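Working notes, structure below.
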Amino acid sequence: MSPVRGSCASSCCDGRVRNLPVSVAAMTTAARPVLVVAAAVLTLAASCAPAGGDVDPATLDWPDPSPTRPVVDLTFDVAGDLRSVEGTERVDFTPDLEVCELVFRAWPNKPFLAEAGSALEVTEVLVDSVEVEPEVSPGGAPEGSPGTLVEVPLPECVDAGTTVTADLRFTVTLGEGVDERVGTSRMGDVAWFGTAFPLLAWEEGRGWARDEAVPVVGETTTSETFELRSLEVVAPEGYEVLGTGSPAGEEAAGDGMMRHRFTAPAVRDVTVTVGRLDLATRDVGDVRVRVGTPGSGSDADPEVWAEQVAEAVERVGSWLGPVPYPDVWVSVLPDQTDGIEFPGAVQFGDVSPVEESWLVTHEVAHLWFYGLVGNNQARDPWLDEALATFVQMVTDPEGGGPSPNRGESYLGEVGQPMDHWLDYRRPSTAYVRGVYLAGGAALLEARARAGAEAFDEALRGYLRDNAHRVATPEDVEAAFAELPEVLEVLRDAGALEGGR
């Protein structure tokens, strides 16, 4: 996610801090010595390409996902008025620890979405074909809303390595004009729903992630990579459907509806956009960028969007390594203001992709940091947001947008969890400045101290060693173990202690 909404509570610039800095030149060099932005950093940030980072993606490869990863089948039946969805889910789950329950998260019930009128309710659960009554608790959801924490007791505990199959039915309500991942538009004939299904909240080696949702604008999901064996979206004829994974065909479903199919070998989340959309595509090597923009209520040009996203995909991929997905889906939505990342997909606000190319680059960077290498976004949000900001700083330093110049006040807090920021008067603003800005600047300084070539090699090693996993700060320490200057900067910034 980009920090546009998270910063809007601030009054430091025209009533709204809209985005991230594209360099750290404006950050103070005197208030806290931990992130002194030396001349080498400024020179690096101003470069148009990452020095030491010109890597031919053909020379790299990511490891295969775990053969015991969960296998998921999803169906979404979208109402004709685009205001609700009926869904089913089947999950084949093989834990690596003993489990006595299954834990799913209903993230459309988190505070911001619930207050905007969106909701997810689980209506039926079967475990190995036997009906089970789930235990639903708030998990941070506001009073009167369905809970975010759905616990399914097993008839008996199962050992590690034992596969459990769960079948769930659920309904999704799409709030109108929601500036987030689940909603239906006031201005155009389009609806979108990301993470709008019961998400299995497992973390290998750790167990269930029960972190509470918080009233801070940002993601709080945790999910291991799973095989999306099938995704079926039934939507009215004449509507385009943008999904997750690779298209696997479409067919008439009767009563004026069409069935659209998708599949993906390794994702950790799913998003769908349905509506009257104008489409454009671009190929970047073996990767196809697919863009949909509103057919009405917007002046967005899908060709311009496709070109900007393709350029960012090529630029970031030439540095970090191969794009992790053969299909990258981009939805430009009339009611949104910034960007939200998903594995192989992005939801963007209806902004200019040329004037705000920083936003495009930031969200594209999430294909690697969150998509390929996951993290517990409630516990360790810096592992995707600070890293995506850093990639944006290095690869798109001229991408536009004002620099808030506020991150230095939060040095030492980079690694804090989402609930830490509730102690501040403006939690979302503090979160953005502490995680995105200070975190991105710390990584930029660490790269300058260690040298671009050594840092970049270690960063790509981190991606390779943690591909398709939920990474932790300990994994960052391991990746940079031979570069003590990097660890020193990150420790001083508070990134390696955090709130674990």
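Does region 435-457 contain at least one residue that is open to solvent by 30 Å² or more (accessible area, probe 1.4 Å), among the charged types (D, E, K, R), touching a residue at least 60 places away in the same chain (Cβ under 8 Å) and outside any helix (DSSP H, G or I)? So far as region 435-457 goes, no, none of its residues is open to solvent by 30 Å² or more (accessible area, probe 1.4 Å), among the charged types (D, E, K, R), touching a residue at least 60 places away in the same chain (Cβ under 8 Å) and outside any helix (DSSP H, G or I). A Cβ distance below 7 Å, combined with a sequence gap of six or more or placement on separate chains, defines the contacts here; from region 92-121, residues that are part of a loop (DSSP other than H, G, I, E, B) reach residues that are among the charged types (D, E, K, R) and open to solvent by 10 Å² or more (accessible area, probe 1.4 Å) in the pairs Asp96/Glu204; Glu98/Asp159; Gly117/Glu176. Of all the criteria given as (1) part of a strand (DSSP E or B); (2) in contact (Cβ under 8 Å) with a residue 60 or more places away in the chain, the one not satisfied by Leu126 is (2).
Look at Gly183 and say whether it is surrounded by 14 or more Cβ atoms within 10 Å (Cβ to Cβ), touching a residue at least 24 places away in the same chain (Cβ under 8 Å) and under 22 Å from Phe76 (Cα atoms).
Numbers: surrounded by 14 or more Cβ atoms within 10 Å (Cβ to Cβ): yes; touching a residue at least 24 places away in the same chain (Cβ under 8 Å): yes; under 22 Å from Phe76 (Cα atoms): yes.
So Gly183 fits the description; yes.
Conditions tested, residue by residue: (1) at pLDDT below 95; (2) in contact with a Leu (Cβ under 8 Å, 6 or more places away or on another chain).
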site: Glu124; (1), (2): no, yes
site: Ser129; (1), (2): no, no
site: Ser137; (1), (2): no, yes
site: Pro142; (1), (2): no, no
site: Pro146; (1), (2): no, yes
site: Arg169; (1), (2): no, no
site: Gly177; (1), (2): yes, no
site: Arg181; (1), (2): no, yes
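Here Val172 meets each of (1) touching a Phe, Trp or Tyr at 6+ places or on another chain (Cβ under 7 Å); (2) open to solvent by 20 Å² or more (accessible area, probe 1.4 Å) with one exception, condition (2).
Summed over region 460-487, residues that are touching a residue at least 60 places away in the same chain (Cβ under 8 Å) and either touching a Ser or Thr at 6+ places or on another chain (Cβ under 9 Å) or within 16 Å of Gly374 (Cβ to Cβ) (or both) total 12.
Could you list, in sequence order, the residues of region 53-79 that are modelled with pLDDT of 95 or more and not in a strand (DSSP E or B)?
Matches in region 53-79: Trp62, Pro63, Asp64, Pro65, Ser66, Pro67, Thr68, Arg69, Pro70, Ala79.
Looking across region 58-99, the residues that are open to solvent by 30 Å² or more (accessible area, probe 1.4 Å), closer than 23 Å to Ala209 by Cα and either in contact with a Leu (Cβ under 6 Å, 6 or more places away or on another chain) or of a type in the set (Ser, Thr, Tyr) (or both) come down to Ser66, Thr68, Thr88, Thr94. Please verify whether region 278-289 includes one or more residues that are surrounded by fewer than 17 Cβ atoms within 10 Å (Cβ to Cβ) and closer than 23 Å to Ala79 by Cα. Yes, there is a match, as at least one residue in region 278-289 is surrounded by fewer than 17 Cβ atoms within 10 Å (Cβ to Cβ) and closer than 23 Å to Ala79 by Cα. Is it the case, given these coordinates, that Ala481 is out of contact with any strand residue (DSSP E or B) (no Cβ under 7 Å at 6 or more places or on another chain), in a loop (DSSP other than H, G, I, E, B) and open to solvent by 30 Å² or more (accessible area, probe 1.4 Å)? It is true that Ala481 is out of contact with any strand residue (DSSP E or B) (no Cβ under 7 Å at 6 or more places or on another chain), in a loop (DSSP other than H, G, I, E, B) and open to solvent by 30 Å² or more (accessible area, probe 1.4 Å). For region 150-160, the criterion of being assigned to a strand (DSSP E or B), over 26 Å from Asp380 (Cβ atoms) and acidic (Asp, Glu) is met by at least one residue.
Annotation: Pro265 fulfils all but one of (1) open to solvent by less than 40 Å² (accessible area, probe 1.4 Å); (2) under 30 Å from Glu203 (Cα atoms); the unmet one is (1). Scanning region 342-361 for residues that are open to solvent by less than 10 Å² (accessible area, probe 1.4 Å), over 12 Å from Val309 (Cβ atoms) and of a type outside the set (S, T, N, Q) returns Phe342, Pro343, Gly344, Gly349, Trp358.
Go through region 129-144 and count every residue that is on the phi < 0 side of the Ramachandran plot, assigned to a loop (DSSP other than H, G, I, E, B) and open to solvent by 40 Å² or more (accessible area, probe 1.4 Å). Explain how you work it out, then say what you get.
The first filter runs over region 129-144 and keeps only residues on the phi < 0 side of the Ramachandran plot, leaving 130-138, 141-143.
In the following step, the residues that additionally are assigned to a loop (DSSP other than H, G, I, E, B) were identified as 132-134, 138, 141-143.
Pick out the ones that are also open to solvent by 40 Å² or more (accessible area, probe 1.4 Å) and you get 133, 138, 143.
Total satisfying the criteria: 3.
Would you confirm whether or not region 407-417 contains a residue that is at pLDDT below 95, of a type in the set (Phe, Trp, Tyr) and open to solvent by 10 Å² or more (accessible area, probe 1.4 Å)? Within region 407-417 (the criterion being at pLDDT below 95, of a type in the set (Phe, Trp, Tyr) and open to solvent by 10 Å² or more (accessible area, probe 1.4 Å)), the answer is yes, since at least one residue qualifies. Does Gly295 meet the test of being of a type outside the set (Asp, Glu) and crowded, with 21+ Cβ neighbours inside 10 Å? It is false that Gly295 is of a type outside the set (Asp, Glu) and crowded, with 21+ Cβ neighbours inside 10 Å. For the subset of region 100-126 comprising residues that are more than 27 Å from the chain's Cα centre (by Cα) and over 17 Å from Leu149 (Cβ atoms), which member is surrounded by the most Cβ atoms within 10 Å (Cβ to Cβ)? The selected residue is Leu126.
When the test is whether a residue is open to solvent by less than 50 Å² (accessible area, probe 1.4 Å), at pLDDT below 95 and on the phi < 0 side of the Ramachandran plot, Val37 passes it. Taking region 311-341 as the range and being open to solvent by 10 Å² or more (accessible area, probe 1.4 Å) and over 17 Å from Val182 (Cβ atoms) as the test, the residues that pass are Glu311, Glu314, Arg315, Ser318, Pro322, Val323, Pro324, Tyr325, Pro326, Asp327.
The values are calculated or read from the model by the stated rules, or taken from the named source; none is laboratory data. Note that this is a predicted model, so its numbers are computed, not measured. For neighbour counting, all protein chains shown are included, and Cβ atoms are generated from backbone atoms with ideal geometry for every residue, glycine included. All accessible areas refer to the heavy atoms of the entire protein, side chains included, with ligands and DNA or RNA removed. Shrake-Rupley method; radii C 1.70, N 1.55, O 1.52, S 1.80 Å.
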